[in-house]
Amino acid sequence: MPSDAIQSRDPDYLEGLNFPLLEARLQDSGVNPVHAKALFNAVHRRLEGALTEEGDHLVPPLRRWLSSDGAPRACPLESITETPSSDGYTHKYLLRLADGAQVEAVQMGFPGRFTACLSSQVGCAMGCVFCATGQMGFARHLTAGEIVAQALHVERQLRASRGERLRNIVMMGMGEPLHNFEATMTALEILTDNRGLNIGPARVAISTVGHIPGIEQLTRHPKRYSLAVSLHGASDTERAALVPVNKKWPLADLIQTCRDYSRLKRARVFFAWTLIGGVNDSEDHARRLAALLSGMDAHVNLIPLNPTEGFEGDAPFDERVRAFQQIVQDSGLPSTVRQRRGIDVAAGCGQLKVARANRA
Ligand code: SAH
Ligand code: SF4
(Lines give C-alpha, C1' and ligand atoms only; values in the text may rest on other atoms or scores of the structure.)
(Ligands and ions follow the chains in the order given, each with its own letter.)
Protein backbone atom coordinates (compact mmCIF):
# COMPACT_ATOMS: atom_id res chain seq x y z
CA MET A 1 0.00 0.00 0.00
CA PRO A 2 1.50 3.37 -0.92
CA SER A 3 2.41 5.07 2.30
CA ASP A 4 1.30 8.52 1.27
CA ALA A 5 -2.17 7.68 0.03
CA ILE A 6 -5.32 8.17 2.03
CA GLN A 7 -7.15 4.88 1.62
CA SER A 8 -9.50 2.73 3.65
CA ARG A 9 -10.85 3.93 6.98
CA ASP A 10 -11.43 0.63 8.69
CA PRO A 11 -12.48 1.59 12.18
CA ASP A 12 -12.79 -1.98 13.43
CA TYR A 13 -9.77 -1.93 15.71
CA LEU A 14 -9.54 -3.90 18.93
CA GLU A 15 -8.08 -0.86 20.69
CA GLY A 16 -11.23 1.12 19.92
CA LEU A 17 -13.71 -1.28 21.54
CA ASN A 18 -14.78 -0.27 25.00
CA PHE A 19 -15.38 -3.07 27.47
CA PRO A 20 -19.16 -3.45 26.97
CA LEU A 21 -18.74 -3.41 23.20
CA LEU A 22 -16.03 -6.05 23.39
CA GLU A 23 -18.35 -8.26 25.45
CA ALA A 24 -21.15 -7.73 22.94
CA ARG A 25 -18.89 -8.60 20.01
CA LEU A 26 -17.82 -11.81 21.71
CA GLN A 27 -21.40 -12.70 22.50
CA ASP A 28 -22.49 -12.01 18.91
CA SER A 29 -19.75 -14.31 17.64
CA GLY A 30 -20.74 -17.11 19.96
CA VAL A 31 -17.73 -16.69 22.26
CA ASN A 32 -18.39 -16.57 25.99
CA PRO A 33 -18.23 -12.87 26.95
CA VAL A 34 -16.54 -13.82 30.20
CA HIS A 35 -13.35 -13.84 28.12
CA ALA A 36 -13.60 -10.09 27.46
CA LYS A 37 -11.56 -9.32 30.55
CA ALA A 38 -8.58 -11.40 29.45
CA LEU A 39 -8.62 -9.87 25.99
CA PHE A 40 -9.01 -6.30 27.27
CA ASN A 41 -6.15 -7.00 29.63
CA ALA A 42 -3.96 -8.33 26.83
CA VAL A 43 -4.56 -5.26 24.67
CA HIS A 44 -4.48 -2.49 27.27
CA ARG A 45 -2.26 -3.83 30.07
CA ARG A 46 0.03 -6.43 28.60
CA LEU A 47 0.17 -4.26 25.48
CA GLU A 48 0.19 -7.18 23.12
CA GLY A 49 -0.02 -5.85 19.62
CA ALA A 50 -0.43 -8.65 17.08
CA LEU A 51 -2.64 -10.81 19.23
CA THR A 52 -3.22 -13.70 16.89
CA GLU A 53 0.50 -14.50 16.92
CA GLU A 54 1.58 -13.37 20.35
CA GLY A 55 -1.54 -14.11 22.28
CA ASP A 56 -0.64 -17.71 22.99
CA HIS A 57 -1.72 -17.42 26.57
CA LEU A 58 -5.23 -16.54 25.47
CA VAL A 59 -7.80 -19.31 25.60
CA PRO A 60 -8.38 -21.12 22.28
CA PRO A 61 -11.89 -19.63 21.68
CA LEU A 62 -10.39 -16.13 21.83
CA ARG A 63 -7.51 -17.06 19.56
CA ARG A 64 -9.87 -18.66 17.08
CA TRP A 65 -12.12 -15.60 17.14
CA LEU A 66 -9.24 -13.17 16.63
CA SER A 67 -8.03 -15.01 13.57
CA SER A 68 -11.51 -15.35 12.06
CA ASP A 69 -12.94 -13.11 9.35
CA GLY A 70 -14.98 -10.30 10.78
CA ALA A 71 -13.06 -10.09 14.05
CA PRO A 72 -11.57 -6.73 15.01
CA ARG A 73 -7.84 -6.42 14.40
CA ALA A 74 -5.04 -4.60 16.13
CA CYS A 75 -4.54 -1.02 14.92
CA PRO A 76 -1.46 -1.12 12.70
CA LEU A 77 0.34 1.94 13.96
CA GLU A 78 3.79 2.19 12.45
CA SER A 79 6.40 4.31 14.15
CA ILE A 80 8.16 6.33 11.44
CA THR A 81 10.45 8.40 13.61
CA GLU A 82 11.02 8.98 17.27
CA THR A 83 12.67 12.29 18.03
CA PRO A 84 13.99 12.90 21.53
CA SER A 85 14.25 16.48 22.70
CA SER A 86 17.48 17.69 24.27
CA ASP A 87 15.60 18.07 27.57
CA GLY A 88 15.85 14.29 27.93
CA TYR A 89 12.17 13.68 28.67
CA THR A 90 10.14 14.94 25.73
CA HIS A 91 9.86 12.56 22.78
CA LYS A 92 7.94 13.16 19.61
CA TYR A 93 6.60 10.12 17.76
CA LEU A 94 5.61 10.34 14.13
CA LEU A 95 3.15 7.53 13.48
CA ARG A 96 1.72 6.13 10.27
CA LEU A 97 -1.85 4.82 10.21
CA ALA A 98 -3.22 2.04 8.04
CA ASP A 99 -4.28 4.38 5.23
CA GLY A 100 -0.93 6.14 5.10
CA ALA A 101 -2.07 9.19 7.04
CA GLN A 102 0.38 10.36 9.66
CA VAL A 103 -0.07 11.86 13.10
CA GLU A 104 2.20 12.89 15.90
CA ALA A 105 2.03 11.98 19.56
CA VAL A 106 4.29 13.47 22.22
CA GLN A 107 5.58 12.01 25.46
CA MET A 108 6.34 14.67 28.05
CA GLY A 109 6.95 14.99 31.75
CA PHE A 110 9.29 13.80 34.41
CA PRO A 111 9.98 10.53 36.17
CA GLY A 112 6.86 9.51 38.04
CA ARG A 113 4.54 11.76 36.08
CA PHE A 114 4.73 11.16 32.39
CA THR A 115 2.07 12.52 30.07
CA ALA A 116 1.03 11.53 26.56
CA CYS A 117 -0.16 14.33 24.31
CA LEU A 118 -2.43 12.69 21.73
CA SER A 119 -3.83 13.72 18.37
CA SER A 120 -7.55 13.52 17.64
CA GLN A 121 -7.49 14.33 13.91
CA VAL A 122 -5.17 14.30 10.91
CA GLY A 123 -4.79 18.07 10.55
CA CYS A 124 -7.44 20.43 11.89
CA ALA A 125 -10.39 22.27 10.38
CA MET A 126 -10.32 25.21 12.81
CA GLY A 127 -7.56 27.16 11.07
CA CYS A 128 -6.00 29.05 13.98
CA VAL A 129 -3.44 31.17 12.18
CA PHE A 130 -0.48 30.59 14.53
CA CYS A 131 -0.84 26.80 14.73
CA ALA A 132 1.08 24.44 12.45
CA THR A 133 -1.74 21.87 12.53
CA GLY A 134 -4.27 24.55 11.58
CA GLN A 135 -2.01 25.64 8.75
CA MET A 136 -2.13 22.06 7.34
CA GLY A 137 -5.88 22.00 6.92
CA PHE A 138 -8.12 19.05 7.74
CA ALA A 139 -7.64 15.54 6.36
CA ARG A 140 -9.81 13.29 8.53
CA HIS A 141 -10.96 12.36 12.01
CA LEU A 142 -9.10 9.65 13.90
CA THR A 143 -11.04 6.63 15.09
CA ALA A 144 -11.21 5.77 18.79
CA GLY A 145 -8.83 2.87 18.13
CA GLU A 146 -6.28 5.18 16.52
CA ILE A 147 -6.41 7.54 19.49
CA VAL A 148 -6.05 4.72 22.03
CA ALA A 149 -3.24 3.14 19.98
CA GLN A 150 -1.20 6.35 20.29
CA ALA A 151 -1.40 6.16 24.08
CA LEU A 152 -0.50 2.47 24.07
CA HIS A 153 2.48 3.27 21.85
CA VAL A 154 3.76 5.89 24.30
CA GLU A 155 3.12 3.55 27.25
CA ARG A 156 5.06 0.77 25.53
CA GLN A 157 8.03 3.08 24.89
CA LEU A 158 7.96 4.38 28.46
CA ARG A 159 7.95 0.90 29.92
CA ALA A 160 10.77 -0.27 27.65
CA SER A 161 13.03 2.76 28.01
CA ARG A 162 12.44 3.76 31.62
CA GLY A 163 10.28 1.18 33.33
CA GLU A 164 7.74 3.99 33.76
CA ARG A 165 4.02 4.23 33.11
CA LEU A 166 1.78 6.94 31.77
CA ARG A 167 0.03 8.97 34.42
CA ASN A 168 -1.68 11.68 32.36
CA ILE A 169 -3.31 12.10 28.98
CA VAL A 170 -3.78 15.44 27.27
CA MET A 171 -5.81 15.81 24.10
CA MET A 172 -3.57 18.63 22.92
CA GLY A 173 -1.92 17.13 19.87
CA MET A 174 -3.10 17.56 16.31
CA GLY A 175 -6.76 18.38 15.84
CA GLU A 176 -9.78 19.66 17.71
CA PRO A 177 -10.98 16.85 19.98
CA LEU A 178 -14.54 18.18 20.38
CA HIS A 179 -14.93 18.29 16.59
CA ASN A 180 -14.38 14.51 16.81
CA PHE A 181 -16.46 14.07 19.94
CA GLU A 182 -17.64 10.45 19.80
CA ALA A 183 -14.26 8.93 18.95
CA THR A 184 -12.50 11.08 21.54
CA MET A 185 -14.93 10.17 24.29
CA THR A 186 -14.82 6.46 23.45
CA ALA A 187 -11.01 6.58 23.49
CA LEU A 188 -10.97 8.32 26.88
CA GLU A 189 -13.48 5.87 28.31
CA ILE A 190 -11.14 3.05 27.28
CA LEU A 191 -7.99 4.76 28.56
CA THR A 192 -9.58 5.48 31.95
CA ASP A 193 -11.06 1.96 32.32
CA ASN A 194 -9.58 0.35 35.43
CA ARG A 195 -9.36 -2.96 33.57
CA GLY A 196 -6.94 -1.28 31.17
CA LEU A 197 -4.43 1.59 31.40
CA ASN A 198 -6.52 3.00 34.25
CA ILE A 199 -5.64 6.68 33.87
CA GLY A 200 -7.62 8.71 36.43
CA PRO A 201 -10.29 10.91 34.74
CA ALA A 202 -8.91 13.94 36.62
CA ARG A 203 -5.58 13.21 34.93
CA VAL A 204 -7.12 13.57 31.48
CA ALA A 205 -7.28 17.01 29.90
CA ILE A 206 -9.34 17.89 26.86
CA SER A 207 -8.21 21.08 25.17
CA THR A 208 -10.66 22.83 22.86
CA VAL A 209 -10.59 25.85 20.60
CA GLY A 210 -13.93 26.78 22.17
CA HIS A 211 -16.27 24.33 20.41
CA ILE A 212 -19.47 25.33 22.24
CA PRO A 213 -21.67 22.31 21.35
CA GLY A 214 -18.84 20.01 22.43
CA ILE A 215 -18.40 21.79 25.77
CA GLU A 216 -22.17 21.51 26.33
CA GLN A 217 -21.96 17.79 25.68
CA LEU A 218 -19.06 17.52 28.12
CA THR A 219 -21.16 19.35 30.72
CA ARG A 220 -23.78 16.60 30.45
CA HIS A 221 -21.21 13.79 30.29
CA PRO A 222 -21.06 11.60 33.41
CA LYS A 223 -17.28 11.74 33.71
CA ARG A 224 -15.36 14.81 34.76
CA TYR A 225 -12.27 15.25 32.68
CA SER A 226 -10.21 18.39 32.97
CA LEU A 227 -11.36 21.04 30.46
CA ALA A 228 -8.95 23.50 28.82
CA VAL A 229 -10.27 26.24 26.55
CA SER A 230 -7.98 28.13 24.17
CA LEU A 231 -8.80 31.85 24.26
CA HIS A 232 -5.95 34.05 22.97
CA GLY A 233 -8.17 37.11 22.63
CA ALA A 234 -10.48 39.05 24.97
CA SER A 235 -12.72 40.65 22.35
CA ASP A 236 -14.47 39.11 19.34
CA THR A 237 -12.45 41.15 16.84
CA GLU A 238 -9.09 40.32 18.38
CA ARG A 239 -9.89 36.69 18.89
CA ALA A 240 -11.39 36.13 15.44
CA ALA A 241 -8.18 37.40 13.85
CA LEU A 242 -6.31 34.51 15.49
CA VAL A 243 -9.05 31.92 15.88
CA PRO A 244 -11.41 32.08 12.87
CA VAL A 245 -14.09 29.89 14.47
CA ASN A 246 -14.73 32.69 16.94
CA LYS A 247 -17.15 33.96 14.25
CA LYS A 248 -19.20 30.81 14.71
CA TRP A 249 -18.83 30.57 18.48
CA PRO A 250 -18.46 34.14 19.78
CA LEU A 251 -16.66 34.99 22.97
CA ALA A 252 -19.63 35.94 25.17
CA ASP A 253 -21.40 32.65 24.37
CA LEU A 254 -18.21 30.70 24.91
CA ILE A 255 -17.53 32.25 28.31
CA GLN A 256 -21.13 31.66 29.38
CA THR A 257 -20.84 28.01 28.32
CA CYS A 258 -17.64 27.73 30.39
CA ARG A 259 -19.31 29.35 33.41
CA ASP A 260 -22.15 26.84 33.14
CA TYR A 261 -19.68 23.99 32.82
CA SER A 262 -17.75 25.13 35.87
CA ARG A 263 -20.89 25.58 37.96
CA LEU A 264 -22.65 22.38 36.95
CA LYS A 265 -19.57 20.17 37.07
CA ARG A 266 -18.12 21.98 40.09
CA ALA A 267 -14.88 22.06 38.18
CA ARG A 268 -12.13 24.53 37.48
CA VAL A 269 -11.76 25.48 33.83
CA PHE A 270 -8.28 26.00 32.41
CA PHE A 271 -7.86 28.76 29.85
CA ALA A 272 -4.94 28.78 27.44
CA TRP A 273 -3.58 32.06 26.12
CA THR A 274 -0.83 31.89 23.53
CA LEU A 275 1.18 35.08 24.01
CA ILE A 276 2.23 36.76 20.78
CA GLY A 277 4.54 39.78 21.04
CA GLY A 278 2.78 43.03 20.13
CA VAL A 279 -0.48 41.20 19.36
CA ASN A 280 -2.09 40.03 22.61
CA ASP A 281 0.57 40.53 25.28
CA SER A 282 -0.18 44.03 26.62
CA GLU A 283 -1.23 44.93 30.15
CA ASP A 284 -4.55 46.02 28.73
CA HIS A 285 -5.08 42.54 27.27
CA ALA A 286 -4.25 41.01 30.63
CA ARG A 287 -6.77 43.24 32.42
CA ARG A 288 -9.51 42.46 29.90
CA LEU A 289 -8.78 38.74 30.15
CA ALA A 290 -9.05 38.96 33.94
CA ALA A 291 -12.38 40.82 33.64
CA LEU A 292 -13.74 38.23 31.22
CA LEU A 293 -13.08 35.39 33.66
CA SER A 294 -13.88 37.21 36.88
CA GLY A 295 -15.84 35.17 39.38
CA MET A 296 -15.26 31.89 37.58
CA ASP A 297 -13.26 29.00 39.02
CA ALA A 298 -10.59 29.39 36.36
CA HIS A 299 -6.87 28.97 35.82
CA VAL A 300 -4.93 30.75 33.09
CA ASN A 301 -2.13 28.93 31.24
CA LEU A 302 0.13 31.31 29.36
CA ILE A 303 2.00 29.83 26.40
CA PRO A 304 4.64 32.03 24.79
CA LEU A 305 4.26 31.53 21.03
CA ASN A 306 6.19 28.66 19.51
CA PRO A 307 7.46 29.34 16.01
CA THR A 308 5.65 27.83 13.02
CA GLU A 309 6.40 28.22 9.32
CA GLY A 310 3.11 29.79 8.33
CA PHE A 311 2.89 32.58 10.89
CA GLU A 312 5.09 35.58 11.37
CA GLY A 313 5.12 36.42 15.02
CA ASP A 314 7.30 36.06 18.05
CA ALA A 315 6.98 35.16 21.68
CA PRO A 316 7.08 38.25 23.90
CA PHE A 317 10.17 39.02 25.98
CA ASP A 318 10.18 37.29 29.36
CA GLU A 319 9.50 40.49 31.28
CA ARG A 320 6.31 41.08 29.31
CA VAL A 321 5.20 37.52 30.01
CA ARG A 322 5.84 38.11 33.71
CA ALA A 323 3.99 41.46 33.69
CA PHE A 324 1.00 39.82 31.96
CA GLN A 325 0.96 36.98 34.47
CA GLN A 326 1.23 39.40 37.39
CA ILE A 327 -1.92 41.27 36.33
CA VAL A 328 -3.84 38.03 35.88
CA GLN A 329 -2.72 36.78 39.29
CA ASP A 330 -3.39 40.09 41.02
CA SER A 331 -6.99 39.81 39.82
CA GLY A 332 -7.26 36.59 41.82
CA LEU A 333 -6.88 34.12 38.97
CA PRO A 334 -4.19 31.47 39.35
CA SER A 335 -1.88 31.40 36.36
CA THR A 336 1.02 29.34 35.06
CA VAL A 337 3.49 30.04 32.28
CA ARG A 338 3.73 26.85 30.27
CA GLN A 339 7.32 25.66 30.21
CA ARG A 340 8.68 25.60 26.72
CA ARG A 341 9.62 22.00 26.19
CA GLY A 342 10.42 20.07 23.05
CA ILE A 343 10.77 23.21 20.93
CA ASP A 344 14.07 21.95 19.49
CA VAL A 345 12.23 19.04 17.86
CA ALA A 346 9.07 21.00 17.01
CA ALA A 347 7.07 19.08 19.62
CA GLY A 348 5.84 22.21 21.39
CA CYS A 349 2.22 23.41 21.54
CA GLY A 350 0.94 24.12 18.06
CA GLN A 351 4.03 22.83 16.28
CA LEU A 352 2.69 19.43 15.26
CA LYS A 353 2.21 18.85 11.58
CA VAL A 354 3.00 16.21 9.01
CA ALA A 355 4.10 16.28 5.40
CA ARG A 356 1.81 17.76 2.77
CA ALA A 357 1.48 14.39 1.06
CA ASN A 358 -0.63 13.21 3.97
CA ARG A 359 -3.31 15.78 3.58
CA ALA A 360 -6.57 14.71 2.06
N1 SAH B 1 -7.35 22.02 19.20
C2 SAH B 1 -7.18 22.11 20.59
C3 SAH B 1 -6.05 21.27 21.13
C4 SAH B 1 -4.72 21.28 20.39
S5 SAH B 1 -3.73 22.71 20.42
C6 SAH B 1 -7.02 23.56 21.02
O7 SAH B 1 -6.79 24.39 20.17
O8 SAH B 1 -7.14 23.83 22.20
C9 SAH B 1 -3.03 22.82 22.05
C10 SAH B 1 -2.72 24.25 22.48
O11 SAH B 1 -1.61 24.82 21.75
C12 SAH B 1 -3.88 25.21 22.27
O13 SAH B 1 -4.08 25.96 23.44
C14 SAH B 1 -3.37 26.09 21.15
O15 SAH B 1 -3.98 27.33 21.15
C16 SAH B 1 -1.90 26.16 21.43
N17 SAH B 1 -1.07 26.57 20.28
C18 SAH B 1 -1.33 26.37 18.98
N19 SAH B 1 -0.33 26.87 18.22
C20 SAH B 1 0.58 27.38 19.08
C21 SAH B 1 1.86 28.00 18.90
N22 SAH B 1 2.38 28.19 17.69
N23 SAH B 1 2.52 28.39 20.00
C24 SAH B 1 2.01 28.18 21.24
N25 SAH B 1 0.83 27.59 21.46
C26 SAH B 1 0.12 27.19 20.40
FE1 SF4 C 1 -6.82 23.24 15.56
FE2 SF4 C 1 -6.17 23.70 18.10
FE3 SF4 C 1 -4.43 24.24 16.13
FE4 SF4 C 1 -6.62 25.74 16.44
S5 SF4 C 1 -4.90 25.55 17.88
S6 SF4 C 1 -5.84 24.93 14.50
S7 SF4 C 1 -8.11 24.23 17.08
S8 SF4 C 1 -5.19 22.24 16.71
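The values are calculated or read from the model by the stated rules, or taken from the named source; none is laboratory data. Model, not experiment: these values are computed from the prediction. We place every Cβ from the backbone using ideal geometry, glycine too, and count neighbours over all the protein chains shown. Surface accessibility is based on the protein's heavy atoms, side chains included, excluding ligands, DNA and RNA. Shrake-Rupley method; radii C 1.70, N 1.55, O 1.52, S 1.80 Å.
In degrees, nearest 10, range 0 to 90: what is the angle between the Cα axis of helix 283-292 and the longest Cα principal axis of the chain?
60 degrees
To the nearest 10 degrees, how steeply does helix 251-265 sit against the main Cα axis of the chain, on a 0 to 90 scale?
Result, in degrees: 60.
Heavy atoms only, 1.4 Å probe, whole protein assembly: order Phe110, Phe181 by accessible area, highest first. Please list the in-between numbers first.
Details: Phe110 65, Phe181 25 Å².
I get Phe110, Phe181, largest accessible area first.
Can you tell me the orientation of helix 181-191 relative to the chain, as the angle in degrees between its alpha-carbon axis and the longest Cα principal axis, to the nearest 10?
Tilt relative to the chain: about 60 degrees.
How large is ³J(HN,Hα) for each residue in segment 153-158, as worked out from phi by the Karplus curve 6.51 cos²θ - 1.76 cosθ + 1.60 (θ = phi - 60°), to whole Hz, x for Gly and Pro?
5, 5, 4, 4, 5, 5
Can you send over the solvent-accessible area of Cys349, 1.4 Å probe, protein chains only, in Å² to the nearest 10?
About 60 Å², ignoring ligands and nucleic acids.
When all protein chains stay in place, what accessible area (Å², nearest 10, 1.4 Å probe) is found for Lys265?
For Lys265, solvent-accessible area is about 20 Å².
How big is the accessible area of Asp12 in square angstrom, nearest 10, if you roll a 1.4 angstrom probe over the protein chains?
40 Å²
At 222 nm, what value in deg cm²/dmol follows for the chain if DSSP H runs of at least 4 each add -39500 (n - 2.57) and the sum is divided by all its residues, to the nearest 500?
The helix contribution divided over the chain gives -9500 deg cm²/dmol.
Can you run phi through the Karplus equation (6.51, -1.76, 1.60; θ = phi - 60°) for segment 75-84 and list ³J(HN,Hα) in whole Hz, with x for Gly and Pro?
Along segment 75-84, the couplings run 5, x, 9, 9, 7, 8, 9, 10, 10, x Hz.
Take the solvent-accessible surface of the protein heavy atoms, probe 1.4 Å, and return the percent of it on segment 205-253 that carbon and sulfur atoms account for. Display every interim value, and only then the final one.
Numbers: 1070 of 1950 Å².
Here it works out to 55 percent.
Which of the chymotrypsin sites (Phe, Trp or Tyr not before Pro) found in segment 251-359 are in a DSSP loop and have at most 14 neighbouring Cβ atoms, other than their own, within 10 Å?
Here the sparse-neighbourhood loop sites are Phe317.
Where only protein heavy atoms count, and the probe is 1.4 Å, what is the accessible area per residue for the chain in Å²?
Solvent-accessible surface per residue comes out at 43 Å².
Consider all pairwise Cα distances in segment 78-359 and report the whole-number % of them above 26 Å.
When every Cα pair of segment 78-359 is considered, 40 percent fall beyond 26 Å.
At a temperature of 25 °C and a viscosity of 0.890 mPa s, determine how fast segment 187-282 diffuses translationally according to Stokes-Einstein, using the Kirkwood radius over alpha-carbon pairs as Rh; express D in µm²/s, rounded to the nearest whole number. Before the final figure, lay out each step's value.
Working: Rh = 14.4 Å.
Approximately 170 µm²/s, per Stokes-Einstein.
Provide the net charge surrounding His221, with neighbours chosen by a C-beta distance below 13 Å and charges set as Lys +1, Arg +1, Asp -1, Glu -1.
+1
Rounded to the nearest 5, what % of the DSSP beta bridges within segment 78-359 are antiparallel ones? Mind showing how you got there, number by number?
Details: 21 of 46 bridges.
Bridges in segment 78-359 that DSSP calls antiparallel: roughly 45 percent.
Label segment 230-330 by shape, choosing from rounded, prolate and oblate, from the square roots a ≥ b ≥ c of the eigenvalues of the Cα gyration tensor; if a/c is under 1.5 it is rounded, and otherwise prolate applies when a/b is larger than b/c, oblate when it is not.
In terms of gyration-tensor shape, oblate.
Which lysines does Lys92 reach when only Cα atoms under 30 Å apart count, and residues fewer than 8 places away in its own chain are ignored?
Filter leaves Lys223, Lys353.
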